[in-house]
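The values are calculated or read from the model by the stated rules, or taken from the named source; none is laboratory data. Remember, it's a predicted structure, so these values are computed and weren't measured experimentally. Neighbour counts run over all protein chains shown; Cβ positions are idealised from the backbone, glycine included. Please note that ligands, DNA and RNA were not included when accessible areas were found on the heavy atoms of the full protein model with its side chains. Shrake-Rupley method; radii C 1.70, N 1.55, O 1.52, S 1.80 Å.
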Amino acid sequence: EALQAALPSLCQRLAAALSQQAVEKIDRVRELAAVSLSALLSEKRLPAVARAPELRRIFVHDPSDSTCTAPATSADFLVPAVCFGVTAPLLALSEYRLPALRGFSVSAGGLTESTLRGARAALDKHLTGAPRRHLQCVASDLLLLLRQHRREARLALPLLRTTEHLLEARVFEALLGEPLPAEGEAEAEGGGEGEG
């Protein structure tokens, strides 16, 4: 009975952790995380996770769904140019934005050229021209991650490199002179900003 009570929370935490791993820098980890998240989303006996329909469009291949962007095979998650473009809409889902942004930052701020290029291109495409509210939430979450990991070089350096790239790419230019949402306000934001 205790397990049944804890299961929805466990499934949600697992979905968030897998969404982070699905955009991290190691190819095989991304593939395995995507396959695992697809299995979690397809299992009818488990409680549904937040934003399950949106996650299914990203991770569960369904040729009958015209809005589905999930790759036809899990091997596509090994290809940075494909994987990051498909998973960038995670940033529009408030429940998954923080872990996805952490994973994207490790990839976009890393040292492996193909991974770095793929992650940066996906971030640029997703954020350029995005609604102001979405940009505010991403910028606020990026600042939160920088604060949380300021003493962890393994995460702080990629976060700083990713921040530098996004500033140089001018994706946050629309926010200049505007205050960011207060901490916690970005988390409460509901994701009505769309996926692109």
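Observations on the structure shown:
- Of the residues making up segment 152-177, those that are small (G, A, S), in a helix (DSSP H, G or I) and modelled with pLDDT under 95 are A153, A174.
- Residue-level check: of (1) under 21 Å from P158 (Cα atoms); (2) touching a residue at least 12 places away in the same chain (Cβ under 8 Å); (3) not aliphatic (A, V, I, L, M), E113 misses just (2).
- Of the helices (runs of 4 or more DSSP H) contained entirely in segment 71-151, those carrying at least 1 residues that are open to solvent by less than 10 Å² (accessible area, probe 1.4 Å), at pLDDT 95 or above and over 22 Å from F59 (Cα atoms) fall at 132-148.
- Among the conditions (1) among the hydroxyl-bearing types (S, T, Y); (2) within 22 Å of R120 (Cβ to Cβ); (3) in contact with a Leu (Cβ under 6 Å, 6 or more places away or on another chain), S36 misses just one, which is (2).
- Filtered residue count, segment 20-56, keeping only those that are in a helix (DSSP H, G or I), over 17 Å from R102 (Cβ atoms) and open to solvent by 40 Å² or more (accessible area, probe 1.4 Å): 9
- Among the criteria (1) buried (at least 19 other Cβ atoms within 10 Å of the Cβ); (2) without any contact (Cβ under 8 Å) to a residue 24 or more places away in the chain; (3) not β-branched (V, I, T), the one D62 does not fulfil is (1).
- Selection of segment 57-70 for residues being part of a loop (DSSP other than H, G, I, E, B) and farther than 11 Å from S38 by Cβ yields P63, S64, D65, S66, T67, C68, T69.
- Under the condition of being among the small types (G, A, S) and open to solvent by 60 Å² or more (accessible area, probe 1.4 Å), the residues counted in segment 10-19 number 0.
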